[in-house]
Amino acid sequence: MLKQRVLTAAILVFVVVVCVVVSSGPVFSLLLGISIGIASWEWAGLAGYRKFPQKAVYLVLVMALLLWLYYLRNTPWIYVIVIFGVVWWCFAWIMVISYQKGRELIPSNQILKAMIGCIVLVPAWSGLVILHAAVTAPQQVLLLFVLIWVADSAAYFIGSRWGKRRLATRISPAKSWEGVVGGIVASMLPVLGYVILREMKGIDIIWLFALCLITVGFSVLGDLVESMFKRNADMKDSGTLLPGHGGLLDRIDSLTSATPVFVTGMWLLGGRL
């Protein structure tokens, strides 16, 4: 299982890096949109829609929303969507803490669950489209991806080896505080590499490390929220697309929460990082 997991991850990393570096803005938006479409199909299952026609309708609605936002990509509206995503993820902390304490705030209504799926997925797509169009692209996009990849991988291996204190027993019993701390520490290595590569100096270095620390913190939240919805739906994985990993949503859950936070931080700092 571990060998299969590593092989799948290596292939995904290669494909993503090539797409980020080589793709033009429209192509990147399209490829990213396809990925979000797959994730939306899986989220439909978490929302309680198990039949093909129901999932297909949800997929079409999400893709139509992305297409509309693509034509608004040069307007303030796309930034509004990203900021709305940040607001949602702040509220998601309350949902996770409440769930852990035995007070479930996940709505029972399938339509509301489906709407939450849009709030999870669409701001992430919007944020990555904005980031990829920035002057410093693709460096910032790659920094975000590598930041999350390293944090997730380090948390998994460190937690598996040394994890003792459980992070959220009711949501994801396998996750530990040791894994979270290890992931955060390890994720600062690519940030250091970015600082050296960009020859950054002074206060910008402090701001970058602060933003990346907050981003990684929110990436843990994305993982917990998806795990929470999977438990609510009595599902182990969101899908079976990726051998050893489950569904695509299982691989991008951390990115969905990290992206709006990272992009908003970059925007507030004037994009100078």
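The values are calculated or read from the model by the stated rules, or taken from the named source; none is laboratory data. For clarity, every value in this text was computed on a predicted model and none was experimentally measured. All Cβ positions, glycine included, derive from the backbone under ideal geometry; neighbour counts span all protein chains shown.
The criterion of being more than 18 Å from residue 223 (Cβ to Cβ) and in contact (Cβ under 8 Å) with a residue 40 or more places away in the chain does not hold for residue 121. Exactly one residue out of 206, 184 is closer than 21 Å to residue 124 by Cβ and surrounded by fewer than 21 Cβ atoms within 10 Å (Cβ to Cβ), and it is 184.
Kindly check whether there is at least one residue in the stretch 239-250 that is at pLDDT below 95, over 21 Å from residue 12 (Cβ atoms) and in a helix (DSSP H, G or I). No, the stretch 239-250 contains no residue that is at pLDDT below 95, over 21 Å from residue 12 (Cβ atoms) and in a helix (DSSP H, G or I).
Results for (1) in contact with a Phe, Trp or Tyr (Cβ under 9 Å, 6 or more places away or on another chain); (2) crowded, with 19+ Cβ neighbours inside 10 Å, shown as yes or no for each residue.
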| position | (1), (2) |
| --- | --- |
| 144 | yes, yes |
| 152 | no, yes |
| 156 | no, no |
| 164 | yes, no |
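Filtered by the rule that a residue be more than 16 Å from residue 109 (Cβ to Cβ) and either without any contact (Cβ under 8 Å) to a residue 12 or more places away in the chain or outside any helix (DSSP H, G or I) (or both), the stretch 34-49 gives a lone residue, 34. Only one entry in 228, 188 is at pLDDT 90 or above, among the hydrophobic types (A, V, I, L, M, F, W, C), assigned to a helix (DSSP H, G or I) and in contact with a strand residue (DSSP E or B) (Cβ under 9 Å, 6 or more places away or on another chain), namely 228. Tell me, please, whether a residue that is of a type in the set (S, T, N, Q) and farther than 24 Å from residue 42 by Cβ can be found in the stretch 129-137. Yes, because at least one residue in the stretch 129-137 is of a type in the set (S, T, N, Q) and farther than 24 Å from residue 42 by Cβ.
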